[in-house]
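What follows is a single structure, written as structure tokens, with notes after it.
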Amino acid sequence: TYAVVIGIDYKNRKDIPHLQYASNDARQVYEVLTDPRYGGVPEENSILLLNERATRNQMMVALRKIRDRDGYVYVYYSGHGAPKTKGDKFIDAYLVPSNAIVSDPEALEDTSIRMSYLQKLMDASHAKGIMVALDACFSGGGKSIVPKGGKPLVGMLVSSEIIKPKGTGRVLITSSATNQQSWEDEDEIKGGIFTHYLLKGLMGKGGRNVWVKVNELSNYVKKNVPRASKRLKGQEQYPQITGKGNFTVTRNW
């Protein structure tokens, strides 16, 4: 088993909105995935990139392990996403590294990581199972950004699938629909709403038997996040699951 965990608050940037809890959420996910009681991923097989360490180069090196591994791979990212649009069409999306240049759409494209690249890594991998969980959004609000000259997705008709992994054993869980925002809660949860329920699911709430399977975890998150975002923020947030898989992620105590 292998884990790649990334969390970025952008607090060293004046040109990107800061996030309150992204790096802390990532640290907690890393601790659960590497805890022998839960995920059991050996620390030598695990990468944790927080804040300034999560540069584009470091993220690329870490994410390439999706393609190169042949066991089970768990990837988590908390930070900003960004939409790539052409006219009024949404054509791709980005994960935004700590050192991304956001002055214009072309600069962002050159310094971020495309979701279509992530799909290529998943499709080319020999891994038995890959789970990618993203606490980010791509709408241009909330946990996402729009470079100067770019368009937010609000009001656009967009596909709910950012990427669609091929084959079985490939599961992508995103924290909201493509044109929705993903929310942090500072009053009760003190973290990302999606990650809060992802962690609960990983630690056993998502499993019915001894093991928490990826499809059970997906269903748990999908069921609980919309209720919490409505109650805590008065907003709609519907996690999206694409791909198929029934492999184990953690142990349920």
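The values are calculated or read from the model by the stated rules, or taken from the named source; none is laboratory data. This one's a predicted model, so the numbers in the text were calculated from it and none came from an experiment. Here Cβ is always computed from backbone atoms with ideal geometry, including for glycine, and neighbour counts include all displayed protein chains. Please note that ligands, DNA and RNA were not included when accessible areas were found on the heavy atoms of the full protein model with its side chains. Shrake-Rupley method; radii C 1.70, N 1.55, O 1.52, S 1.80 Å.
Listed conditions (1) within 27 Å of Gln20 (Cα to Cα); (2) at pLDDT below 90; (3) out of contact with any Cys (no Cβ under 6 Å at 6 or more places or on another chain) are all met by Val158, apart from (1). For the range 1-25, a residue qualifies if it is buried (at least 18 other Cβ atoms within 10 Å of the Cβ), over 15 Å from Gly191 (Cα atoms) and not aliphatic (A, V, I, L, M), and the qualifying residues are Thr1, Tyr2, Tyr10. Quick one: in the range 223-241, which of the residues that are part of a helix (DSSP H, G or I) and in contact with a helix residue (DSSP H, G or I) (Cβ under 8 Å, 6 or more places away or on another chain) is surrounded by the fewest Cβ atoms within 10 Å (Cβ to Cβ)? The residue in question is Lys233.
A single entry from Ser103, Ser46, Ser125, Ser116 fulfils the requirement of being crowded, with 21+ Cβ neighbours inside 10 Å and not hydrophobic (A, V, I, L, M, F, W, C): Ser125. Within the range 100-129, restricting attention to residues that are of a type outside the set (Gly, Ala, Ser) and in contact with an Asp or Glu (Cβ under 8 Å, 6 or more places away or on another chain), the residue that is farthest from Ala26 (Cα to Cα) is His126. Across the range 205-222, which residue is farthest from Ser175 (Cα to Cα) among those that are in a helix (DSSP H, G or I) and open to solvent by less than 10 Å² (accessible area, probe 1.4 Å)? This residue is Val214.
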